[in-house]
Structures are given as structure tokens and as C-alpha cells.
1. Suppose we keep only residues that are out of contact with any Phe, Trp or Tyr (no Cβ under 6 Å at 6 or more places or on another chain) and in a loop (DSSP other than H, G, I, E, B) within the stretch 125-141. Which one would you say is surrounded by the fewest Cβ atoms within 10 Å (Cβ to Cβ)?
2. Of the numbered conditions (1) touching a strand residue (DSSP E or B) at 6+ places or on another chain (Cβ under 9 Å); (2) among the polar types (S, T, N, Q); (3) farther than 26 Å from Gln104 by Cα, Thr164 satisfies every one except a single condition; which is it?
3. Name every residue in the stretch 137-147 that is out of contact with any helix residue (DSSP H, G or I) (no Cβ under 7 Å at 6 or more places or on another chain) and in contact (Cβ under 8 Å) with a residue 60 or more places away in the chain, in order of residue number.
4. Just to be sure I understand, how many residues within the stretch 151-168 are assigned to a loop (DSSP other than H, G, I, E, B) and either loosely packed, with under 14 Cβ neighbours inside 10 Å or not assigned by TED's automatic domain parsing to the domain that holds Thr71 (or both)?
5. Among the strands (runs of 3 or more DSSP E) confined wholly to the stretch 53-110, which include 1 or more residues that are on the phi < 0 side of the Ramachandran plot and free of Cβ contacts under 8 Å to residues at least 60 places away in the same chain?
Amino acid sequence: MKRRPFLYGGLAVAAGLAGAGAAWWQSQPAQHRSAGAPDAFWQLAFETPEGQPLLLSSFAGRPLLVNFWATWCPPCVEELPLIDQFFQANRSKNWQVLGLAVDQPSAVRTWLQKRPLSFPVAMAGFSGTELSKSLGNLSGGLPFTAVFGASGQLLHRKSGKVTTEDLAQWRGLG
């Protein structure tokens, strides 16, 4: 009987350490599911919601914040004005922002007509989930944000809504 509290306590500590370790691992930019994913990322091309080609290589050489989002995702649409403000305040400092919509083009076009953004948006489609996973989005959930340095390396990633604190920290990376 006296062993049971120790057993439960030990299990709780082990679960806590496992959770903390998983959170730490996910926050480390050098730990990717695929080590070549950032290099392959720069070779991709997407279409804008209007059907125009957009090459990711055109963003090379300057810091880039990539936000995976969808019109049907409430936290995604809640964070987009904050990301747009970040872009407007920092584009003169060489920052770029790209929204990759994990959605249907018609839904994105309709959404952007009501709430235009200052930064470019491209259609990742539902395969965008796999792309975000290759960049470290272990759950595949939205929103997901990846920050690349001017030399193309993946510097940071975040699952869930970005905050003003996140953006302030990332601004210093550029």
C-alpha cells in the first residue's frame, strides 16, 4: 500500500519529463523530421490564389516568415492581422512574409477580398500539411509558422498562434 503513492508520483514525474522533453525538442530549429527539408523548401513553387506562379527562390537572401494558415481555422485568421502588422513594420528592414494557405483557392480569394493582407499569399493546398510537417510541425496542426534567416536556414518554428513576443524575438533574427 505504501508503494502506490511512490509509483504514482514516479509516473507523474516521468510523464512531466517526457512532455517537457517533447516540447523542448519541437522548439529546437536544428531538430527536423527531415534534415534536407529547408533546402528542398527553397526549390518549391506555388500558385497565388489568382493562379499566378510564385517561386520560393524569389524570397531567398532575406529573412522570411512563412505562416501556414486556412480560412476555416479560427486561430489562423485571428493571428493574420498581427502578422500583417509585423510585415508592414519590418519590410523596410528586409523582412518578408509569406502566407501558405492550406485551403481551397476560391475560399482564400473570398477571404482576402474581405480582409486583404499586405504580404503575398500562395496556395499550399492540403499537401501544405505535409510540407509543414517536414519543417517540424509534428502535429500537422494549424496555424504553423516557420522563420528562415537570410541565408535560408530554418531558425525557428511555432505551432499555434504567434504572439507579439514571438514576433519581437524573431525580428531580432533578421
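1. Filtering the stretch 125-141 for residues that are out of contact with any Phe, Trp or Tyr (no Cβ under 6 Å at 6 or more places or on another chain) and in a loop (DSSP other than H, G, I, E, B), the one surrounded by the fewest Cβ atoms within 10 Å (Cβ to Cβ) comes out as Ser139.
2. (1)
3. Asn137, Thr145, Ala146
4. Adding up the residues that qualify gives 3.
5. Correct list: 53-55, 96-101.
The values are calculated or read from the model by the stated rules, or taken from the named source; none is laboratory data. These figures come from a predicted structure and were not determined experimentally. Here Cβ is always computed from backbone atoms with ideal geometry, including for glycine, and neighbour counts include all displayed protein chains.
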